[in-house]
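Engineer: Questions regarding the structure given below will be posed in turn.
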Amino acid sequence: MKKNYRTGRRFTGYLLLVLLSFPLLARSILTGEDGYRLWLKYDPISSPVLSDKYRHQFSHWQVLGESQTLQVVRQELDYAFRGLLGKSLPVARSSEASLIIGRLANLPAPLRIEVEQSVPASKEGYLIKTIRYRGKTVNVITAKTDIGALYGTFRLLRQLQTLQSVDTMHIASEPKLKIRVLDHWDNLNRHVERGYAGQSIWDWHKLPEYIYQRYYDYARANASVGINGTVLNNVNADPLILTPRYLDKVTALADVFRPYGIRVYLSVKFSAPQLTGGLKTSDPLDPAVRQWWKNKARDIYQKIPDFGGFLVKANSEGQPGPGDFGRTHAEGANMLADALAPYGGIVMWRAFVYANEKHEERSKQAYSEFKPLDGQFRDNVLLQVKNGPVDFQPREPVSPLFGATPNTSLMMEFQITMEYLGFSTHAVYLGPLYKEVLETDTYAKGQGSTVAKVIDGSLFGHRLSGIAGVSDIGSDRNWTGHILLQANWYVFGRLAWDHTQSAAGIAGDWIKMTLTHDEQAVAAIEKMMMASREVTVNYMTPLGLHHIMGTGHHYGPGPWVDSLPRDDWNPVYYHKADQAGIGFDRSPRGVNAVEQYFSPLREQLSDPQTTPEKFLLWFHHLPWDYKIPSSGRTLWNELVHRYYQGAADVKAMAAQWDHLQDKLDPLQFEQVRMAFVIQQQEAEWWRDACVLYFQQFSGQPLPDGLEKPHHTLAYYEQLSFPYAPGQGGK
Ligand code: BDP
């Protein structure tokens, strides 16, 4: 009996183990696309008709020339054809080729004469053209440079990846912005400040010898969307990066990236001459300091002849800068610019400055600091301005600096990483945010003076132009911690190349290249992506609220935080909720931040009635019973409505995703599904915490019929997250 009993128990134990491990086993062998291949999957084209067509059209191909870049073209094309079309297509001699790729100068004369008129003037532009040549149909990809030919090649591949017609192609394209960089906030210990996708992809310890395949794949992905630069290290820079040992490591990466048209840049610490150079000062007017930077530039260019230049965060959030020596930002930037100029390098000098001593409202400080310096910067300096005047919030009006410095080239700084938008578990497609900013009219030179025209140089006739995106890339298998967030890297690159493209169109391309070709699924996911940013604004910071997230790590809601040493680090400073109402009065009756904008924007934003609702509480402190024009609701009811709507929309998005399961790769599906579980919880957390907190001031009930908050306000206030990822200062 006893034995039986024990056997029985063992049997039950086994059964339990088998039953329990079955789902585990099933999960553990879930195979599929883990996201590593990004949008360059090149899986076989499912339509046999199209596949045949492409095969026929490109039956024999030839790349003219032998540079490293053209080797890359050959490899990519062969790899892509093998994947997309199921077999290698033969490489041909010119006389029989149906696809010819090469720099204009390398084309046979008759072919060159045929196409040269249509080749874009810029060095990076390309032409893809189907022509009749020697009695045959020939497709030509050509450009002024090999890099242009590489961009053209990726463009052709996109036609195939998105199943477009290639019958008679005439695609001419060139970038609207010259400098198109990713800014990595990566520390030398591989911690990524505001990074949510694992460690830094740069394994500094193993460089320069050990070169991961990932470095090449990073370069391929960037080149495929036209990103032509990378700032390898954090703006809160470690001075060690400029020491010979690290420069050798940087050189190794620059060598990997060069054939892909990607230049390497470094963030530098302004006090490096003292910290690593042994000098007594870092005063930009001191001859020894100036010489130190000149020598440093010379050393760098000896190793990296195409080095891009420096990115500098100075006199901001504790970073050293020219102000420490009584000098202006222009004097600081120009010293570095002079050191780099002989080699063609540039300085990207950040305008994200608010730690000065003026005690002026934070949103006004960058303008006050830099506007008076307009015209004082060297030609090879770009002032790098964050899109909004405070800090990468889910929504901000544009920085008033755009358009305010006609004699200084401004570049855009966007955040791609999701510091203020839910880290790597909230599905937020940033295309609409970028477009909203780029299309905003500054009225700097009358109507039509969009931010895009300011930064592309066309408004004021600047030669140098640029855009930077703070990268969301890490060493996670799927690069960005969430498959859908790969789209933000992608859309950043595509808009950097051509800001006139639509966010929806780019999303559509990305979905087809990354997720599925199923038409219904593409349409559903595109719709979801396009709505996603507004959804998140609603459950985090509706109606112009901003900077009410948890302190330090910026994870989750923290509108109650009021204990930080500087006023303008505290969420209470930004929402200013009290019994009378909520919002920050930046109108002429308040801190008058609107004065920094051009007319008629200034007047429009001065009056709540003419201020777009999305910016209402950014510019105005309004009573709780203020009537919201579009809905007729009171401000309190509208606020609550938005919070609830945002959370409900996330639920709907998650349900929509579940619905698409059989149209998607199992692994991609599952990754996003799990992230949606978290996003739903966190959207409700945001909603409940904010509504309860603001309710203390409004003193009004929740409108009828709404689900009760899950916990008390006290519960939300005591939550703490010491290990939230991505924090600064690590
Ligand atoms: C803030 C980030 C901080 C960055 C800073 C910057 O919280 O980690 O160092 O921006 O852009 O948003 O310099």
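Engineer: Mind checking which residues of region 682-706 are open to solvent by 20 Å² or more (accessible area, probe 1.4 Å), farther than 16 Å from Met549 by Cα and at pLDDT 95 or above?
Structural biologist: The answer is Gln695, Gln696, Phe697, Gly699, Gln700, Pro701, Leu702, Leu706.
Engineer: Look through region 112-128, keep the residues that are in a helix (DSSP H, G or I) and out of contact with any helix residue (DSSP H, G or I) (no Cβ under 8 Å at 6 or more places or on another chain), and return whichever of them is surrounded by the most Cβ atoms within 10 Å (Cβ to Cβ). First the steps, then the outcome.
Structural biologist: Of region 112-128, the ones in a helix (DSSP H, G or I) are 112-118.
Narrowing further to those that are out of contact with any helix residue (DSSP H, G or I) (no Cβ under 8 Å at 6 or more places or on another chain): 113-114, 117-118.
Details: Ile113: 10, Glu114: 17, Gln117: 7, Ser118: 15.
Checked region 112-128; the qualifying residue surrounded by the most Cβ atoms within 10 Å (Cβ to Cβ) is Glu114.
Engineer: Please work out if Gly446 is open to solvent by less than 10 Å² (accessible area, probe 1.4 Å) and more than 14 Å from the ligand (Cβ to nearest atom).
Structural biologist: Details: open to solvent by less than 10 Å² (accessible area, probe 1.4 Å): no; more than 14 Å from the ligand (Cβ to nearest atom): yes.
No, not satisfied.
Engineer: Is it the case that some residue within region 10-33 is closer than 30 Å to Leu484 by Cβ, modelled with pLDDT of 95 or more and buried (at least 16 other Cβ atoms within 10 Å of the Cβ)?
Structural biologist: Looking for residues that are closer than 30 Å to Leu484 by Cβ, modelled with pLDDT of 95 or more and buried (at least 16 other Cβ atoms within 10 Å of the Cβ), one finds none in region 10-33, hence no.
Engineer: Now for a different question. For region 280-313, give me each residue that is in contact with a Phe, Trp or Tyr (Cβ under 9 Å, 6 or more places away or on another chain) and open to solvent by 50 Å² or more (accessible area, probe 1.4 Å).
Structural biologist: Result: Leu285, Arg298, Pro305.
Engineer: Taking region 221-243 on its own, how many of its residues are more than 16 Å from the ligand (Cβ to nearest atom) and surrounded by fewer than 18 Cβ atoms within 10 Å (Cβ to Cβ)?
Structural biologist: 2
Engineer: Shifting gears a bit: Checking the conditions here, which among Asp186, Asp217 is surrounded by fewer than 17 Cβ atoms within 10 Å (Cβ to Cβ) and modelled with pLDDT of 95 or more?
Structural biologist: Details: Asp186 fails: surrounded by fewer than 17 Cβ atoms within 10 Å (Cβ to Cβ).
Result: Asp217 is the single residue among Asp186, Asp217 that is surrounded by fewer than 17 Cβ atoms within 10 Å (Cβ to Cβ) and modelled with pLDDT of 95 or more.
Engineer: Let me ask you something else. Please work out which one of (1) among the aromatic types (Phe, Trp, Tyr); (2) touching a strand residue (DSSP E or B) at 6+ places or on another chain (Cβ under 7 Å); (3) part of a helix (DSSP H, G or I) is the condition Phe352 fails and give its number.
Structural biologist: (3)
Engineer: Can you tell me which condition Phe669 does not meet? The list is (1) under 30 Å from the mean Cα position of the chain (by Cα); (2) without any contact (Cβ under 8 Å) to a residue 12 or more places away in the chain, and all the others hold.
Structural biologist: Among (1) under 30 Å from the mean Cα position of the chain (by Cα); (2) without any contact (Cβ under 8 Å) to a residue 12 or more places away in the chain, Phe669 violates only (2).
Engineer: Being more than 19 Å from Val537 (Cα to Cα), under 29 Å from the mean Cα position of the chain (by Cα) and in contact (Cβ under 8 Å) with a residue 40 or more places away in the chain is the filter; apply it to region 551-591 and report the residue that is nearest to the ligand (Cβ to nearest atom).
Structural biologist: For region 551-591, the residue satisfying everything is Gly552.
Engineer: So, one more: Between Gln199, Gln164, Gln159, which is closer than 21 Å to Lys129 by Cα, assigned to a loop (DSSP other than H, G, I, E, B) and at pLDDT 95 or above? Walk me through how you get there before you give the answer.
Structural biologist: Working: Gln199 fails: closer than 21 Å to Lys129 by Cα; Gln159 fails: assigned to a loop (DSSP other than H, G, I, E, B).
Selected residue: Gln164, the only one of Gln199, Gln164, Gln159 that is closer than 21 Å to Lys129 by Cα, assigned to a loop (DSSP other than H, G, I, E, B) and at pLDDT 95 or above.
Engineer: Can you work out which of the residues in region 314-337 that are in a helix (DSSP H, G or I) and open to solvent by 40 Å² or more (accessible area, probe 1.4 Å) is nearest to the ligand (Cβ to nearest atom)?
Structural biologist: In this case the residue turns out to be Gly323.
Engineer: Condition check: part of a strand (DSSP E or B), over 24 Å from the mean Cα position of the chain (by Cα) and surrounded by 20 or more Cβ atoms within 10 Å (Cβ to Cβ). Does Val181 satisfy that? Before you say what the answer is, go through the steps one by one.
Structural biologist: On the way: part of a strand (DSSP E or B): yes; over 24 Å from the mean Cα position of the chain (by Cα): no; surrounded by 20 or more Cβ atoms within 10 Å (Cβ to Cβ): yes.
So Val181 does not fit the description; no.
Engineer: Within region 62-77, take every residue that is part of a helix (DSSP H, G or I) and open to solvent by 40 Å² or more (accessible area, probe 1.4 Å) and give me the one that is farthest from Glu96 (Cα to Cα). Break it down into steps so the answer makes sense when it comes.
Structural biologist: Taking region 62-77 as the starting set, the residues that turn out to be part of a helix (DSSP H, G or I) are 68-77.
From what is left, the residues that are open to solvent by 40 Å² or more (accessible area, probe 1.4 Å) are 68, 71, 74-75.
Working: Gln68: 24, Gln71: 21, Arg74: 17, Gln75: 20 Å.
Selected residue: Gln68.
Engineer: Would you check if Ala714 is open to solvent by less than 40 Å² (accessible area, probe 1.4 Å) and part of a helix (DSSP H, G or I)? Steps first, please.
Structural biologist: Details: open to solvent by less than 40 Å² (accessible area, probe 1.4 Å): no; part of a helix (DSSP H, G or I): yes.
Considered against the rule, which asks whether it is open to solvent by less than 40 Å² (accessible area, probe 1.4 Å) and part of a helix (DSSP H, G or I), Ala714 comes out as no.
Engineer: Further question: Being away from the ligand (no atom under 14 Å from the Cβ) and either modelled with pLDDT of 95 or more or out of contact with any helix residue (DSSP H, G or I) (no Cβ under 7 Å at 6 or more places or on another chain) (or both) is true for just one of Glu357, Glu396. Which residue is that?
Structural biologist: Details: Glu396 fails: away from the ligand (no atom under 14 Å from the Cβ).
Matching residue, one of Glu357, Glu396: Glu357.
Engineer: Also: Could you list, in sequence order, all residues of region 556-605 that are touching a Pro at 6+ places or on another chain (Cβ under 8 Å), crowded, with 20+ Cβ neighbours inside 10 Å and outside any loop (DSSP other than H, G, I, E, B)?
Structural biologist: Pro571, His575, Gly581, Ala593, Val594, Gln596, Leu605
Engineer: Looking only at region 539-547, decide whether some residue is more than 16 Å from the ligand (Cβ to nearest atom) and part of a loop (DSSP other than H, G, I, E, B). Show your work before the answer.
Structural biologist: Filtering region 539-547 down to residues more than 16 Å from the ligand (Cβ to nearest atom) leaves 539, 542-545.
With part of a loop (DSSP other than H, G, I, E, B) added as a condition, the list becomes 545.
Yes, that holds for at least one residue.
Engineer: Output the number of the condition that Ala97 fails; it satisfies all remaining conditions of (1) open to solvent by less than 10 Å² (accessible area, probe 1.4 Å); (2) over 20 Å from Ser224 (Cβ atoms); (3) at pLDDT 95 or above.
Structural biologist: Among (1) open to solvent by less than 10 Å² (accessible area, probe 1.4 Å); (2) over 20 Å from Ser224 (Cβ atoms); (3) at pLDDT 95 or above, the lone unmet condition for Ala97 is (3).
Engineer: Looking at Gly148, Gly152, Gly195, which one is among the small types (Gly, Ala, Ser), crowded, with 20+ Cβ neighbours inside 10 Å and closer than 19 Å to Ser471 by Cβ?
Structural biologist: The conditions single out Gly195.
Engineer: What pairs come out if I take residues in region 70-97 that are not assigned by the TED database to the domain that holds Thr162 and pair them with residues that are loosely packed, with under 15 Cβ neighbours inside 10 Å and not in a helix (DSSP H, G or I) whose C-beta lies under 9 Å away, six or more apart or interchain?
Structural biologist: Listed pairs, sorted by first residue: none to list.
Engineer: Considering (1) part of a loop (DSSP other than H, G, I, E, B); (2) within 16 Å of the ligand (Cβ to nearest atom), say which one Gln376 fails and leave the rest.
Structural biologist: Answer for Gln376: the failing condition is (2).
Engineer: Every residue in region 422-441 that is free of Cβ contacts under 8 Å to residues at least 60 places away in the same chain and part of a helix (DSSP H, G or I), please.
Structural biologist: Going through region 422-441, the residues free of Cβ contacts under 8 Å to residues at least 60 places away in the same chain turn out to be 436-437, 439-440.
Of everything in region 422-441, those that are free of Cβ contacts under 8 Å to residues at least 60 places away in the same chain and part of a helix (DSSP H, G or I) turn out to be Glu436, Val437.
Engineer: Still on this structure, please answer the following. Considering only region 496-509, state which residues are farther than 21 Å from Lys178 by Cα and under 15 Å from the mean Cα position of the chain (by Cα). Write out each step before concluding.
Structural biologist: Pass one, region 496-509, residues farther than 21 Å from Lys178 by Cα: 504-505, 507-509.
Listed by number, the list holds a single entry, Ala507.
Engineer: Identify the residue in region 360-373 that is within 16 Å of the ligand (Cβ to nearest atom) and in contact with a helix residue (DSSP H, G or I) (Cβ under 8 Å, 6 or more places away or on another chain) and, among all such residues, is nearest to Thr405 (Cα to Cα).
Structural biologist: Initial filter on region 360-373 (within 16 Å of the ligand (Cβ to nearest atom)): 362-363, 365-366, 369-370.
Remaining after also requiring in contact with a helix residue (DSSP H, G or I) (Cβ under 8 Å, 6 or more places away or on another chain): 362-363, 369-370.
Numbers: Arg362: 19, Ser363: 17, Glu369: 12, Phe370: 8 Å.
Applying the filter and picking the extreme gives Phe370.
Engineer: Determine whether Leu410 is farther than 30 Å from Gln501 by Cβ, touching a strand residue (DSSP E or B) at 6+ places or on another chain (Cβ under 7 Å) and crowded, with 24+ Cβ neighbours inside 10 Å.
Structural biologist: Working: farther than 30 Å from Gln501 by Cβ: no; touching a strand residue (DSSP E or B) at 6+ places or on another chain (Cβ under 7 Å): yes; crowded, with 24+ Cβ neighbours inside 10 Å: yes.
No; evaluated as a whole, the condition is false for this residue.
Engineer: Moving to a separate point now. Can you find, within region 425-442, the residue that is nearest to the ligand (Cβ to nearest atom) among those that are of a type in the set (Ser, Thr, Tyr) and open to solvent by less than 20 Å² (accessible area, probe 1.4 Å)? Before the answer, list the steps.
Structural biologist: Within region 425-442, the first condition is being of a type in the set (Ser, Thr, Tyr), and the residues that meet it are 425, 429, 434, 440, 442.
The next check asks that each one be open to solvent by less than 20 Å² (accessible area, probe 1.4 Å); those that pass are 429, 434, 442.
Numbers: Tyr429: 20, Tyr434: 17, Thr442: 22 Å.
Only one residue fits best here, namely Tyr434.
Engineer: Would you check which residues across region 364-385 are open to solvent by 10 Å² or more (accessible area, probe 1.4 Å) and closer than 30 Å to Leu543 by Cβ and list them? First the steps, then the outcome.
Structural biologist: Keep residues of region 364-385 that are open to solvent by 10 Å² or more (accessible area, probe 1.4 Å), which gives 364, 366-369, 371-380.
Across region 364-385, the qualifying residues are Lys364, Ala366, Tyr367, Ser368, Glu369, Lys371.
The values are calculated or read from the model by the stated rules, or taken from the named source; none is laboratory data. What you see is a predicted model, and the numbers here were worked out from it, not measured in a lab. Because the Cβ atoms are built from the backbone with ideal geometry, glycine has one as well, and the counts that use them run over all protein chains shown. The area values use the complete protein model at the heavy-atom level, side chains included, leaving out ligands, DNA and RNA. Shrake-Rupley method; radii C 1.70, N 1.55, O 1.52, S 1.80 Å.
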